[in-house]
Amino acid sequence: MPVDFSGTWDIVSNVNFEGYMISLGIDFATRKIASLLKPQKVIEQEGDCFTIKTFTTFRNYDLSFKIGEEFIEVTKGLDNRSCQRGEKKNRGWSHWIQGDELHLELTCEDQVCKQVYKRSL
């Protein structure tokens with residue numbers, strides 16, 4: 001049976017977020033604000049289709065995609081970048097569940113950011 005990612009998740013750790021943002025070319029002021037935020041993710045899953053909503057006190061962000069289908073990610077509501085394949089070397093992200101934790105690994109160039117979320121009750 002496939003893993004169900006649906007639910008509300010609160011961040012509990014965020015390792016190397018600054019390095020990841022620098023590799024993306026995010027400006028200093030935005031990096032400093034973003035590093036202080038405690039995002040909450042709401043994931044809605046229907047089979048292979050996902051909507052991930054990220055909420056913070058600064059900005060919110062929605063992303064919808066289907067597993068196995070390439071898509072262009074537009075960071076509307078964040079810094080309004082259009083993220084495409086090949087734009088940055090080794091850019092990507094992966095979610096997985098381990099126990100009661102949602103793990104998110106973000107990569108760009110030689111930087112890896114590891115975030116861990118706990119399911120809200």
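The values are calculated or read from the model by the stated rules, or taken from the named source; none is laboratory data. Because the structure is a prediction, the values reported are computed rather than measured. A quick note on method: Cβ atoms are made from the backbone with ideal geometry, for glycine too, and the neighbour counts reach across all protein chains shown. Surface accessibility is based on the protein's heavy atoms, side chains included, excluding ligands, DNA and RNA. Shrake-Rupley method; radii C 1.70, N 1.55, O 1.52, S 1.80 Å.
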For E44, state whether it is out of contact with any Lys or Arg (no Cβ under 6 Å at 6 or more places or on another chain), surrounded by fewer than 16 Cβ atoms within 10 Å (Cβ to Cβ) and either in contact (Cβ under 8 Å) with a residue 60 or more places away in the chain or assigned to a loop (DSSP other than H, G, I, E, B) (or both).
-> no
With criteria (1) small (G, A, S); (2) at pLDDT below 95; (3) in a helix (DSSP H, G or I), G68 comes up short on (3)
If we keep just the residues of the range 85-121 that are among the polar types (S, T, N, Q) and over 17 Å from I11 (Cα atoms), which is most open to solvent (accessible area, probe 1.4 Å)?
-> N90
Do you know which residues across the range 1-39 are open to solvent by 40 Å² or more (accessible area, probe 1.4 Å) and in a strand (DSSP E or B)?
-> T8, D10, V12, S13, N14, V15
The lone exception for I52 - which of (1) part of a strand (DSSP E or B); (2) of a type in the set (V, I, T); (3) surrounded by fewer than 16 Cβ atoms within 10 Å (Cβ to Cβ) it fails | (3)
